[in-house]
Amino acid sequence: MDGAETFLAMAGVPDRAAAQTLVALDEVVSNIFMHGVREGEPTVRVHLKVGEGRISGAIDDDGIAFDPLNAPAPDTTLPAEERPIGGLGLHIVRKTMDHIRYDRDHGRNRLRFHKTFGVETRD
């Protein structure tokens, strides 16, 4: 996470877009380590690219197959004390990223996403 935060700052990503991206990364990677483990720790790779007002990212892991896009959305109309635990983090990821795509290939989960942000121009 520290490396991702440093990379986004050095690339000039606005604070809001960087924060949303870091929250998404944290949620997805945390879920992989909490729920995607068979034996030992999964291998997780995170790739980020910034250009032309857009953050593109990919999270790749060899954990248990799981498509976060098919996970049910939590009922946010219920009071917090009545909501079942889980699902809110993925809901936040789906709401803050502009595009998310999942696929599974050769025993690996791949979650790709992008987030657009305004590009400041200098006169």
Each label sits 7 Å from Cα toward the beta-carbon; between His106 and Met10 the label points are separated, in nm, by 2.8
Ordered by fewest other Cβ atoms within 10 Å, a rough proxy for footprinting exposure, Thr6, Thr21, Thr96, Thr116 read Thr6, Thr116, Thr96, Thr21
Expected vector for the stretch 18-31, Karplus 3J(HN,Hα) from phi with 6.51, -1.76, 1.60 and θ = phi - 60°, integer Hz, x for Gly and Pro, equals 5, 4, 5, 5, 5, 5, 4, 4, 4, 4, 5, 5, 4, 4
Length gained if Ala19 through Arg94 is fully extended, taking 0.36 nm per residue and subtracting the Cα-Cα distance, is 25.5 nm
At q = 0.23 1/Å the base-10 log of I(q)/I(0) from the Debye formula over the alpha-carbon atoms of the stretch 12-59 is -0.84
1/(1 + (r/R0)^6) with r = Cβ-Cβ of Ala71 and Lys49, R0 = 30 Å, i.e. FRET efficiency to nearest 0.05, evaluates to 0.70
Projected convex hull area of the stretch 2-116, Cα atoms, direction-averaged, in nm², equals 8.0
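All of the numbers you see were taken from the coordinates with simple rules; none came from a lab. Quick caveat: nothing in here was measured; it's all calculated off a predicted structure. Cβ: placed from backbone, ideal geometry, glycine included. Neighbour counts: every protein chain shown.
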